[in-house]
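Chemist: Below: one structure in structure tokens.
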Amino acid sequence: MSGAAQGSVRGWTAPARWVPVPLVALTVVPAVAGSLRLLELAGGPQLLPDNPRIASSPWPAVLHISCALPYAVLGAFQFSTSLRRRHPRWHRAGGRVLVVLGLLVALSALWMAQFYPRQPGTGELAHLLRLAAGSGMAACILLGLTAIRGGDVRAHQAWMTRGYALALAAGTQVLTQGISTAAFGSAPPSTDLALGAGWVLNLAVAEYVIRRRPAGRALAAAQLPVHP
């Protein structure tokens, strides 16, 4: 690798090692809410507003929350360049687990969107956006898996980044919905648009990161064994 490429990798690695921190921080509110819901469904005290949609059929929600929490946290550390370079076996093993978790998150989300009663305060647009996000997440994960099995590291990184961004929108939606509710109230279509804004913002950031990723970083990653 040329000196310029090495410098590019070193220059990216220093800030990139902190990437998991904001990603994990973004999951805090949904993680706490999901954990409290799991506690409630397990027979614990009710600390969140009643949700008859989940109470009538809890297992899809239990599967979704139980997979989403480790997917969000473990997935954040897959973006650490230094961790990937120093522990490639851990990266590959974690990636296998994340593929399973991510697909279960996406498929359970699709099941809930299709078969649960509509969430109060949301409309048809929110329903369509949930179906699109769940389908898109599953597609991104499968495309990322196909890419790495073919040795295309850069495409693998791009697709997995997009899939993770869609999953992490639950954290962004806490912000977009809070702003929307304060400005426009909590009825559709503002609620639906606020949900959509979370996915759009995350995908926009993901595309920015993908396109700004230095070529030297992809070259360094390509030196790692890529067989899953």
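All of the numbers you see were taken from the coordinates with simple rules; none came from a lab. Bear in mind that the values here come from a model prediction, so they are computed numbers and not experimental data. Reconstructed Cβ throughout: ideal geometry from the backbone, glycine too, with neighbour counts over all protein chains shown.
Chemist: Here are several values of Cα extents along the principal axes in Å: [x] 42, 39, 36; [y] 59, 36, 28; [z] 57, 41, 37. Which one was derived from the coordinates shown?
Modeler: [y]
Chemist: Would you mind ranking Arg85, Arg211 by Cβ crowding within 10 Å, fewest neighbours first?
Modeler: Arg211, Arg85
Chemist: Right, next: In degrees from 0 to 90, rounded to the nearest 10, what is the angle of the helix 3-16 Cα long axis to the longest principal axis of the chain?
Modeler: Relative to the chain, helix 3-16 is tipped by roughly 30 degrees.
Chemist: Sticking with this structure for a sec: Please check: in the Gaussian network model of the chain (C-alpha springs, under 10 Å), which one of Leu39, Leu166, Leu131 has the largest mean-square fluctuation.
Modeler: Judging by the Gaussian network model, the answer is Leu39.
Chemist: Here is a follow-up. Peptides 52-61, 68-77: what's the order by average Cβ count within 10 Å, highest mean first?
Modeler: Packing order, densest peptide first, comes out as 68-77, 52-61.
Chemist: Identify the trypsin sites (Lys or Arg not before Pro) of the range 122-170 meeting these criteria: DSSP loop state and at most 12 other C-beta atoms within 10 Å of the C-beta.
Modeler: Here no trypsin sites (Lys or Arg not before Pro) fit, given the DSSP loop and packing criteria.
Chemist: Output wanted: per-residue J couplings in Hz (rounded whole) for the range 80-92, from phi through Karplus 6.51 cos²θ - 1.76 cosθ + 1.60, θ = phi - 60°, x for Gly and Pro.
Modeler: These are the phi-based 3J(HN,Hα) values: 7, 4, 5, 5, 5, 6, 7, 10, x, 5, 5, 4, 5 Hz.
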